[in-house]
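Structure first, commentary second.
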Amino acid sequence: MGEAMPRLLGWVMAGLIAFVAGAAQAQTVDDIIKRGKVLVAVDPTSAPFGTTGPDGQPDGYDVDVAKLVARYMGVQLELVPVTSTNRIPYLLTNRVDMVISLFAITPERALQVWFSDPYAAVGTIVTARRDKAIKDIADLKGLRVGVPRGTIPDMLLTKMAPDAQVVRFDDEATSIQALVTGQVDALGSSTTALRVINRGGAEKQYERKITLVQNHFGIGVRRGQIDLLRWLDTFVYAIRNNGELDAISEKWTGEKAGKLPSF
């Protein structure tokens, strides 16, 4: 009896841990609905997709999409601030149910996560002052080019511009500040970042120099979450067709979302 009791307690504890872990992972839509709350990772440093509102809370294009996710699921929304470098670890360690965070769809990332159909599209470009003589990748030789660490601009410029000095920053806001203050000569970022840089000034000092690629953004979930992924694809289809996505896009970018591809 003395030996059996510790063994029995061990089985009970193991079962309890497994149950709690399974509940935390929220593998299905029903799991999230049962919990009554959806946990969504957003990056509040990549305006206009992610920013901080006057109330100090995350705001932006991605946040508005996350609010629609919660409303269509009929649950509360909990926003979890992340950066470009920790959004995948937060997802894989079950700290969030999904990532809506300027998350460009790539085959490399799809080895770790699954993506919904795209809900937004933004070009990846190289931005610099108008007086900088940059016309193509070769002109970046010897220049300091800022990028947000672990992003598409980081990956592309590391491969495409080996003669440039790629300077990595923790987020897009910091990399933009580095360009404006002269810490770097050019910036690898999105077209939306260029709007942020030139916002509020009659003199537009910065311009697009090179277009690297057109990115499509999807909602990221853990691999194997077929039920949740199918629901998100249906959700994206619905808001693309009923005008809600166009309204969000116009609010934050000044343009409609337009026609987006499906897998």
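Derivation of every value follows stated rules applied to the coordinates shown; laboratory data play no part. Everything numeric here is computed off the predicted structure, so don't read it as measured data. A quick note on method: Cβ atoms are made from the backbone with ideal geometry, for glycine too, and the neighbour counts reach across all protein chains shown.
Once the Cβ-Cβ distance between LYS135 and THR174 is put in as r, and R0 is 30 Å, what FRET efficiency do you end up with, to the nearest 0.05?
On the way: r = 27 Å, r/R0 = 0.90.
About 0.65, to the nearest 0.05.
Could you work out, for the range 183-260, what percent of all Cα-Cα pairs fall into each 10 Å distance bin, beginning at 0 Å and stopping at the bin that holds the largest distance?
So the P(r) values, bin by bin, are 14, 34, 30, 17, 5.
Is there a quick way to get the dipole size of the range 122-215? I mean about its Cα centre, with the Cβ of Lys and Arg at +1 and of Asp and Glu at -1; what is the value in debye to the nearest 20?
160
Quick one: SER190, SER262, fewest Cβ neighbours within 10 Å first, how do they rank?
On the way: SER190 26, SER262 10.
Result, fewest neighbours first: SER262, SER190.
Please identify the DSSP H helices in the chain that span no less than 27 Å along the helix axis (Cα) and have a mean Kyte-Doolittle hydropathy of -0.5 or more.
Values: long enough: 4-25 (32 Å, 1.36).
Result, helices passing both filters: 4-25.
Would you kindly compute the Cα radius of gyration of the chain and its largest Cα-Cα separation (Dmax), both in Å?
When restricted to the Cα atoms of the chain, Rg and Dmax are 21.2, 84 Å.
Along the charge dipole of the chain, pointing to its positive end and built from +1/-1 on Cβ of Lys, Arg, Asp and Glu, which listed residue (THR106, GLY142, SER262) has its Cα farthest out?
So the residue we want is GLY142.
If you build a Gaussian network model of the chain, linking Cα atoms that sit under 10 Å apart, which residue out of VAL42, VAL147, VAL69 swings the most?
Checking each option, the largest mean-square fluctuation is seen for VAL69.
Per residue of the chain, what 222 nm ellipticity follows from adding -39500 (n - 2.57) for every DSSP H run with n ≥ 4, rounded to the nearest 500? Walk me through the numbers on the way to the answer.
Values: 9 runs with 100 residues, N = 263.
Dividing the helical sum by the residues of the chain leaves -11500 deg cm²/dmol.
For the range 122-215, what is the relative contact order in percent, using Cα pairs closer than 8 Å and at least 6 residues apart in sequence?
Answer for the range 122-215 is 47 percent.
LEU92 versus ALA238, label points 7 Å from Cα toward the beta carbon: distance in nm?
The modelled label-to-label distance comes out at 3.2 nm.
Compute the whole-percent fraction of alpha carbon pairs in the range 32-93 spaced more than 20 Å apart.
Counting every Cα pair in the range 32-93, those more than 20 Å apart make up 27 percent.
Given just the C-alpha atoms of the range 91-166, how large is their convex hull per residue in cubic angstrom?
Values: hull volume 9.4 nm³, N = 76.
It comes to 124 Å³ per residue, whole-number rounded.
Mind listing the Cα extents of the range 122-215 along all three principal axes, in Å, largest one first?
35, 25, 25
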